[in-house]
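Worksheet: one structure, shown below.
Nothing in this text is a laboratory measurement; each read-out follows from the coordinates by a stated rule. These figures come from a predicted structure and were not determined experimentally. Here Cβ is always computed from backbone atoms with ideal geometry, including for glycine, and neighbour counts include all displayed protein chains.
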Amino acid sequence: MFYDKIIDRLTSQTDQVILFHSGTGKDSICLCDLLSKKFKRVVCVFMYIVPDLDYENRYINYALKKYSNIEFYKTPHFALASFIKNGYLGIKKNANVEPMSIHKIDKLVKVKYEIDWSVYGFKKNDGVTRRLMLNSCEDGIYYSTKKAYPLMDLKNSDVLNYIRDNDLIQPFSYGTTKPSSGCDISTPKFLAFMKQKYPSDLQKIFNTFPFTEAILFKYETYGKN
């Protein structure tokens, strides 16, 4: 597979990498397995919307138990700065919060762990923007920024097949057809799923984003998004 060539090229540059890991997503599950087999150390950067959710910790703990050479660094999602600045969904507002981006987090983590290279699960079929960005990527690697994209030419079905063939944990899903099934705090079906399966997580979401309670109430009362 093409991802092997990208990873092998990366091993010629370093024996340790940073992996931006969603915790529950298929691309992260696949990459964590691939990288753990090739690198001495893999630092997984997990960006949370709401900290310490049980359903996300289940995936993180699975990876920590399965792979002896990986570790997790948990940090606020870069989108949280914008949420706080604007008081999104009732989160405690602070108009003076410093803007954040994934590029800033990438730089900060590289300095913190003294690791030069970072890996992302971006794929060309994720959308037009991703395709345009990855089309200009030299063989899956941006040497100037020291970022690598081993899955860039894979389809979602390829990733799911890898997870199945290697008997890995299945990615999180709450029955949505959306590309991502992460912590979708504004999505009624996600909130309803949390109520049914992870009520303590739902309460943490309500505590952080109080207006999400109204979203769920409207959905359960009227069946509308």
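Considering only 49, 81, 210, the residue lying farthest towards the positive end of the dipole of the chain is 210, judged by Cα position with unit charges set on Cβ.
Once you charge only the Cβ atoms, +1 for Lys and Arg and -1 for Asp and Glu, what is the size of the charge dipole of the chain about its Cα centre, to the nearest 20 debye? List each step's numbers first, then the result.
On the way: 33 positive and 24 negative charges, 77 e Å.
In total the dipole reaches around 380 debye.
Converting phi to 3J(HN,Hα) with the Karplus coefficients 6.51, -1.76 and 1.60 and the offset θ = phi - 60°, segment 156-173 yields 4, 5, 5, 5, 5, 5, 4, 4, 5, 5, 9, 6, 8, 4, 6, x, 5, 8 Hz in sequence order, with x at every glycine or proline.
Please compute the length gained on full extension between residue 133 and residue 197, using 0.36 nm multiplied by the number of residues separating them and subtracting their Cα-Cα distance.
Length gained between residue 133 and residue 197: 19.3 nm.
Applied to segment 102-113, the Karplus parametrisation 6.51 cos²θ - 1.76 cosθ + 1.60 on θ = phi - 60° returns per-residue 3J(HN,Hα) values of 5, 5, 5, 5, 4, 5, 4, 6, 4, 5, 4, 9 Hz, with x for Gly and Pro. Here the Karplus curve 6.51 cos²θ - 1.76 cosθ + 1.60, taken at θ = phi - 60°, turns the phi angles of segment 48-55 into couplings of 9, 8, 10, x, 6, 7, 4, 5 Hz, with x standing for Gly and Pro.
Using a 10 Å cut-off around each Cβ, can you sort 133, 100 from fewest to most neighbouring Cβ atoms? Walk me through the numbers on the way to the answer.
Working: 133 16, 100 20.
Listing 133, 100 from fewest to most nearby Cβ atoms yields 133, 100.
With the cut-off at 1.5 for a/c, could you classify segment 119-164 from its C-alpha gyration tensor as rounded, prolate or oblate? Cα axes put segment 119-164 in the oblate bin.
The H on the amide N of residue 119, modeled in the peptide plane, is under 5 Å from the matching H of 18, 19, 20, 148, each at least 5 residues off or on a different chain.
Grab the alpha carbons of segment 2-172, take their convex hull, and tell me the volume per residue in Å³. Numbers along the way, then the final one.
Values: hull volume 22.0 nm³, N = 171.
Value for segment 2-172: 128 Å³ per residue.
Take every Cα pair under 8 Å whose residues are at least 6 apart in sequence, average their separation, divide by the length of segment 57-114, and the relative contact order is 22 percent.
Just list whichever of 155/195; 123/146; 74/147 have alpha carbons separated by over 25 Å in the model shown. Spell out each step's value before the answer.
Working: 155/195 32 Å; 123/146 17 Å; 74/147 20 Å.
Pairs exceeding 25 Å: 155/195.
Residues 21, 103, 77, ranked from the fewest to the most other C-beta atoms within 10 Å, line up as 103, 77, 21. Taking amide H as placed 1.01 Å from N in the peptide plane, residue 74 has its amide H under 5 Å from the amide H of 46, each at least 5 places away in sequence or on another chain. Estimated from the Cβ-Cβ distance and a Förster radius of 30 angstrom, the FRET efficiency linking residue 16 and residue 189 is about 0.20.
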